[in-house]
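Below: one structure, written as structure tokens.
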Amino acid sequence: MCEKTMKLLLLEDDPIIAEQIRNYFELFDHRVDHYSDGAQLLDEANPAHYDIMLLDINTPGLNGIEVLRSFRDLSIDTPAIFITAMSDLDYLKQAYRFGCNDYVRKPFDIEELEIRIEHLVKGRTERWIAVTERYRFDMKNERLFDGEREVPLGRKERQLLHLLLKNRGHIVSKERIKDYLWEDQEVCDNTLRTTMKKLRDKLEENFIDNLRGVGYRIRHA
């Protein structure tokens, strides 16, 4: 099982399959947000907040292919695995044409799905990132080093730095950060500012831009 806590976005209209996936991954402290209707998922979910998308092809509202196509049109590159009972190659051709990364056929072994997820999530993560000339970050274990010395960070500080580095060069909004760090909890901007201050207080140089009223960004080196 992937060591990093993951967020999975699931589109599946079969309640038994959805419950099987949810129960298995939540057992390992991963978060699974489930939708049974493609149109509702498209309206409510932001896949940029997730590590992986699991999409059934044949669902009410919009099917999984239509949902993924909409997200790819917005340049959202979150990995996607299709879950399908269909054997028609035309559907699979469509799925890959619109940006899916892998697929599993129903019925499937949940451990096979786990292996495919691990492969995609780990494959997207560069282990070490040079933040500045003196700082480097271990993306797999969420550890920051100043030279050979590890900088002691709290859990929220590690998650915050990991999120900003995953989106390096781009502004990450305050709302997205709060959703990523605190999930469904209601937190105010002051809580986020406090977490950011704790992180910055542990740094000898500041490499995090504050775009006042918008969010935060780590510039490309």
| message | Testing Gln185 on (1) open to solvent by 80 Å² or more (accessible area, probe 1.4 Å); (2) within 21 Å of Ala45 (Cα to Cα); (3) at pLDDT 90 or above, one condition comes back false. Which one is that? | response | (3)
| said: Among (1) basic (Lys, Arg); (2) out of contact with any Gly (no Cβ under 7 Å at 6 or more places or on another chain); (3) at pLDDT 90 or above, there is one condition Lys166 misses while meeting the rest; what is its number? | reply: (3)
| note | Going through segment 64-81 in order, the residues found to be crowded, with 19+ Cβ neighbours inside 10 Å and within 15 Å of Leu41 (Cα to Cα) are Gly64, Ile65, Val67, Leu68, Phe71, Thr78, Ala80
| query | With Val67, Val32 as the choices, which residue is of a type in the set (A, V, I, L, M, F, W, C), within 18 Å of the chain's Cα centre (by Cα) and not in a helix (DSSP H, G or I)? | reply | Val32
| Check on Ile21, open to solvent by 40 Å² or more (accessible area, probe 1.4 Å), over 20 Å from Leu163 (Cβ atoms) and either touching a residue at least 24 places away in the same chain (Cβ under 8 Å) or outside any loop (DSSP other than H, G, I, E, B) (or both) | no
| If Asp109 passes every condition in (1) among the acidic types (Asp, Glu); (2) closer than 30 Å to Leu181 by Cβ; (3) modelled with pLDDT of 90 or more but one, which one does it miss? | (2)
| message | Please verify whether Arg158 is closer than 23 Å to Asp33 by Cβ and either open to solvent by 20 Å² or more (accessible area, probe 1.4 Å) or in contact (Cβ under 8 Å) with a residue 60 or more places away in the chain (or both), treating the condition exactly as stated. | response | yes
| note | If we keep only residues of segment 125-155 that are of a type in the set (Val, Ile, Thr) and over 21 Å from the mean Cα position of the chain (by Cα), then the residue surrounded by the fewest Cβ atoms within 10 Å (Cβ to Cβ) is Thr132
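The values are calculated or read from the model by the stated rules, or taken from the named source; none is laboratory data. None of the values given here were measured: they were computed from a predicted structure. In this analysis, Cβ positions are derived from the backbone assuming ideal geometry, glycine residues included, and neighbour counts consider all displayed protein chains. We work out accessible area using only protein heavy atoms, side chains counted, and drop any ligands, DNA or RNA first. Shrake-Rupley method; radii C 1.70, N 1.55, O 1.52, S 1.80 Å.
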